[in-house]
Amino acid sequence: MIMELGYQNHYHPYRSILVTLFLVPFFFNYFTHASSSSMYPEWNPIKPRHSRLLRSALHRETPTSQLSELWSPLENQGWKPCVESRKPTLPEKSEGYIQVFLDGGLNQQRMGICDAVAVAKILNATLVIPYLELNPVWKDSSSFMDIFDVDHFIDVLKDDISIVKELPEEYSWSTREYYSIAIRETRIKAAPVHATAHWYLENVLPVLQSYGLAAISPFSHRLSFDNVPVEIQHLRSKVNFEALIFVPHIRTLGDALISRLRYPQGSAEEIGSNYLQEVTDAGDSKKPVKFVVLHLRFDKDMAAHSACDFGGGKAEKLALAKYRQVIWQGRLLNSQFTDEELRSQGRCPMTPEEIGLLLAALGFDNSTRLYLASHKVYGGEARISTLRQLFPLMEDKKSLTLPLERSPIKGKASLLAAVDYYVGMHSDIFISASPGNMHNAMVGHRTYLNLKTIRPNMQLMGQLFLNKAIEWREFQQAVIEGHQNRQGQLRLRKPKQSIYTYPAPDCMCQA
Ligand SMILES: *[C@@H]1O[C@H](CO)[C@@H](O)[C@H](O)[C@H]1NC(C)=O
Ligand SMILES: *[C@@H]1O[C@H](CO)[C@@H](O)[C@H](O)[C@H]1NC(C)=O
């Protein structure tokens, strides 16, 4: 099961240092090398855990032939996107309004939106633009319209279903607050996980017909992936891959990041001048550089939840154990296993050092441009420094932008994630250091467009890292072999699997 774990809203002293540095343009290119590990007793000391491997990795040299294979795009695999039903039809009359309230982070809400469109279609209902709940951990109050281009959404789906931005006046009583204070007849509270289309016709249609409205909450994962009519599957895919695009300012910022990755420039002043101009001008003269997006999910929640040992010593162990106690009160199954058991089962998220070794073993050399898609890394810069040693050209949202450019998304977890999603979709290669909702969403979307995505073999990596005596060559060989078939080769969806992770065959046709 994939847990949607929260990002901790922790006070990081490091953060305030970054902010200060950013105000001084001179430091723009150098801030990342600030070493500050001594300030954090909780994480101190974070030494490389695999120093033997690291020593060899730092001197790695990759043959050109291997490099060109690594960076080459995927070949045509014989499948193409396929989401248009033969003749989309709007129902003659709407049965009423469907409202949903969506939990989770950006990617879980994205799936909820796709399912909401599908359910509205099944019921011949009009969909009200979904309400995004405030996540207790991410604490981002951005609405659908703050994240997604709502007019594009409505327009792309206009022949499939009716969508309204708000309920009409006569139903304006049906709000999030109305449902939170009492039991209401118009609320559907008992939708089972992975409910069938039939369940909705049986249980929600009567409510719609009686009241003209039904509000479904909770709604996450409430529509089955199996035994759903093919038009409905197509529609879900169409929402996910065609109708949901981010608001213009997210796309513009994303384009600026992509352009700066593809056409590296010198100083902060150059970057800061006018990024719209830069996006249009780039590429006239220079050859674009390829880049990898690394989604590094290594926050405190995840570290604590995994119950693995990350080499931060006694202080870190205690801090994570305490955190586990506070949040999960001893209910975590993982805590029953030893670190070794968890590792050999592939249940430990890779640290930045470990994902760096994986990338190095695959052949990515020290000239690789790596974009770090990540919100907060437990251990801060001290934890990332080994990865940075392996990949000195590593960048992220902060290193590539000025504070002013970032201000519209500052502190907004969903918008920050949206920018990373956008950049991730435009990368030559995408890789995640741990499976999760973002990983699954990207795997699905990139499969749809036949883009290269490396899926780490967590179990293999766990076992390799347990072997403290392993030599670099042996490690490298095992990593390469273990990832040969994990670089974007199309896998067909099996029963119960998500169509948002495995879009073929439901959303794709054989070309
Ligand atoms: C990259 O690696 C090569 C070969 O090991 C080395 O000579 C070079 O100095 C490295 N470059 C950087 C920027 O670290
Ligand atoms: C929805 O509309 C279609 C065509 O207008 C009709 O065939 C179907 O029975 C309707 N379904 C429901 C649940 O009203």
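Bear in mind that the values in this text are calculations on the coordinates, not laboratory data. Owing to the predicted nature of the structure, the values given are computational and were not obtained by experimental measurement. Note: ideal-geometry Cβ built from the backbone for every residue, glycine included; neighbour counts use all protein chains shown.
Protection proxy ranking, highest mean first, for peptides 141-152, 376-387, 177-188, 217-228: 376-387, 217-228, 141-152, 177-188, where packing is the per-residue count of other beta-carbon atoms within 10 Å, averaged. Estimated from the Cβ-Cβ distance and a Förster radius of 25 angstrom, the FRET efficiency linking VAL137 and GLN336 is about 0.55. Considering only Cα atoms, the convex hull volume of the chain works out to 164 Å³ per residue. Our estimate of slack between SER56 and GLU75, defined as 0.36 nm per intervening residue step minus the Cα-Cα distance, is 3.6 nm. The overall shape of segment 97-233, judged from the alpha-carbon gyration tensor, is rounded, with an a/c ratio under 1.5. Summarising the amide proton neighbourhood of LEU102: residues at separation of 5 or more, or on other chains, whose placed amide H is nearer than 5 Å comprise TYR131, LEU132, GLU133.
The H on the amide N of GLY488, modeled in the peptide plane, is under 5 Å from the matching H of THR453, ARG455, each at least 5 residues off or on a different chain.
Does a label point 7 Å from the Cα of GLU166, set along Cα-to-beta-carbon, have any residues of segment 87-104 with amide nitrogen under 20 Å, and which are they? The answer is 97-102.
Between the helical axis of 380-390 and the longest alpha-carbon principal axis of the chain there is an angle of about 70 degrees.
Under a cut-off of 28 Å between alpha-carbon atoms, report the lysines in cross-link reach of LYS290, not counting same-chain residues fewer than 8 places apart. The reachable lysines, counting only those whose Cα sits under 28 Å from LYS290, are LYS80, LYS376, LYS397, LYS398, LYS410, LYS452. Angle of helix 248-262 to the longest C-alpha principal axis of the chain, folded into 0 to 90 degrees and rounded to 10: 30°.
List the cysteines in the chain whose Cβ has no other cysteine Cβ under 4.7 Å from it. Isolated Cys, the chain: CYS114, CYS507.
Take every DSSP beta bridge whose two residues both sit in the chain; close to 15 percent of them are antiparallel.
For the chain, the longest principal axis of the Cα atoms and the long axis of helix 413-425 meet at an angle of about 70 degrees. Taking 0.36 nm per residue of sequence separation and removing the Cα-Cα distance, the GLU202/TYR178 pair yields an extension gain of 6.2 nm. Judged by the ratio a/c of the largest to the smallest principal axis of the C-alpha gyration tensor, segment 390-510 counts as oblate, that ratio being 1.5 or greater while a/b is no larger than b/c.
Relative contact order for the chain: 23 percent, from Cα pairs under 8 Å spaced at least 6 residues apart, divided by residue count.
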